[in-house]
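In what follows, a single structure is set out as structure tokens and then discussed.
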Amino acid sequence: SSDLGQKAGLSAEYIMSLPVWQTHPLFTGEERAVIRYAEEMTRDIRVQDATFDALRSFLSPSQIVELTLVVAHYNSTVHFLEALQVRLGEDGGE
């Protein structure tokens, strides 16, 4: 949710621009590479070599592992909650 993003320090404009991250000037090349990695990992499971190479240009191997764990954890949490038909309210609770 945008509330969580804002609590993490993201501006409302940044959050609202996420649907057009590929072309919006607000996003840096590094941010685009991270978002692309997360999207490919989520949608396709296997990421393209070019996507992985882009991360290697600015992240260490341990940072790539950490990013991968964060994306995988979020994906597994979403799948878990969806399978159990858990619906979260606006405040993050049930």
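The values are calculated or read from the model by the stated rules, or taken from the named source; none is laboratory data. Since this is a predicted model, take the numbers as computed values, not measurements. Positions of Cβ are generated from backbone atoms using ideal geometry, with glycine treated the same way; all protein chains shown enter the neighbour counts. Heads up: the accessible areas ignore ligands, DNA and RNA and are worked out on the full protein's heavy atoms, side chains in. Shrake-Rupley method; radii C 1.70, N 1.55, O 1.52, S 1.80 Å.
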Exercise. In whole percent, what relative contact order does the range 1-88 give with Cα contacts below 8 Å and a gap of six or more residues?
Worked result: 18
Exercise. For H73 and L10 in one chain, what is 0.36 nm times their gap in residues minus the Cα-Cα distance, to one decimal in nm?
Worked result: 20.6 nm
Seminar exercise, completed: Mean accessible area per residue over the chain (1.4 angstrom probe, all protein chains present, square angstrom) is 76
For this session: Over the chain, with every protein chain in place, what whole percent of the accessible area is carbon and sulfur at 1.4 Å, could you tell me?
Result: 57
For this session: Treating the Cα atoms of the range 26-82 as identical point scatterers in vacuum, please give the log10 of the normalised Debye intensity I(q)/I(0) at q = 0.14 Å⁻¹, two decimals.
Result: -0.37
Problem set entry | Helix-only [θ]222 nm of the chain, DSSP H runs n ≥ 4, -39500 (n - 2.57) each, per residue, nearest 500 | -19000 deg cm²/dmol
Exercise. Are there chymotrypsin sites (Phe, Trp or Tyr not before Pro) in the range 1-65 that DSSP puts in a loop and that have at most 13 other Cβ atoms within 10 Å, and which ones?
Worked result: F58
